[in-house]
1. Which ones in region 63-80 are more than 9 Å from the ligand (Cβ to nearest atom) and either surrounded by fewer than 17 Cβ atoms within 10 Å (Cβ to Cβ) or within 16 Å of residue 96 (Cβ to Cβ) (or both)?
2. What is the number of the single condition among (1) at pLDDT 95 or above; (2) in contact with a helix residue (DSSP H, G or I) (Cβ under 9 Å, 6 or more places away or on another chain) that residue 168 does not meet?
3. Can you tell which of 96, 89, 135, 103 is on the phi < 0 side of the Ramachandran plot, modelled with pLDDT under 95 and surrounded by 12 or more Cβ atoms within 10 Å (Cβ to Cβ)?
4. Any idea which residue in region 44-62 is farthest from residue 102 (Cα to Cα), counting only those that are touching a strand residue (DSSP E or B) at 6+ places or on another chain (Cβ under 9 Å) and more than 10 Å from the ligand (Cβ to nearest atom)?
5. Only one of (1) over 24 Å from residue 110 (Cα atoms); (2) in contact with a helix residue (DSSP H, G or I) (Cβ under 8 Å, 6 or more places away or on another chain); (3) near the ligand (Cβ under 9 Å from one of its atoms) is not met by residue 94, so which one is it?
6. With respect to the numbered conditions (1) away from the ligand (no atom under 14 Å from the Cβ); (2) under 30 Å from residue 169 (Cα atoms); (3) part of a helix (DSSP H, G or I), which one is the sole condition not fulfilled by residue 107?
Ligand SMILES: Cc1cc2nc3c(=O)[nH]c(=O)nc-3n(C[C@H](O)[C@H](O)[C@H](O)COP(=O)(O)O)c2cc1C
C-alpha cells in the first residue's frame, strides 16, 4: 500500500455512542470489522480481512502496551488499553479499547475481540499521551528492539507500582 508509513498529524474523531469493533483469529489476523471501524480507519473491508492488526499500528504506540495486551489475552484475561491508531490515509484516532479472548462452548479460545469507545480527553492528555511519549522514548534508547520493549515494560511496571496499584486499577483511576 503506497500510503504505508505516511502520517498527516490530523486527528479524527468518532461519536460517543459509537463502538469500533474488530475480531481476529488466534494469530491476530482480522476476521471481522464493523462499519465504524471501516469508516474511521479509512479501509475497505476487502483490504483488511485476513490482514494482521498491526496494519493500523501508529508509531507513537509503545511496544510494551501490545506486549501486555498479548500476555493478558494468552492468559485468557481481558484488557482495557488506550490506543492511538493510524488510518489508511495517515490520520490518527484515539480509543479506549476493551480486548477479550473469544471462547467456544468448550471454553477453548478461538480468537479475540476488541470493542473501542471514545476516550475521555482529560486522562488522555493529562496522563496517557505524556506516559506513552516517555515509554516510546525509553524503547528508542535501546538499539535492540527486544531490549527496548523490556526496558519500557519495566518502566511502565515501576510507574504503576509506585502508585501502589495494578494496571487495571491504574487505567480505571484515570
Ligand atoms: C482483537 C485485537 C485487536 C487489536 N487491535 C489493535 C489496534 O486497534 N491497533 C493496534 O495497533 N494493534 C492492535 N492489536 C495488536 C496487534 O495485533 C499488534 O500486536 C500491534 O499492532 C503491534 O504490532 P507489532 O508488534 O507488529 O508492531 C490488536 C490485537 C488483537 C488481538
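The values are calculated or read from the model by the stated rules, or taken from the named source; none is laboratory data. Worth saying up front: this structure is predicted, and the values here are computed from it rather than measured. Positions of Cβ are generated from backbone atoms using ideal geometry, with glycine treated the same way; all protein chains shown enter the neighbour counts.
1. Across region 63-80, the qualifying residues are 68, 71, 72, 74, 75, 76, 77, 78, 79, 80.
2. So the condition that residue 168 fails would be (2).
3. Of 96, 89, 135, 103, the one residue that is on the phi < 0 side of the Ramachandran plot, modelled with pLDDT under 95 and surrounded by 12 or more Cβ atoms within 10 Å (Cβ to Cβ) is 103.
4. Going through the qualifying residues, I end up with 60.
5. Looking at each condition in turn, residue 94 falls short on (3).
6. (3)
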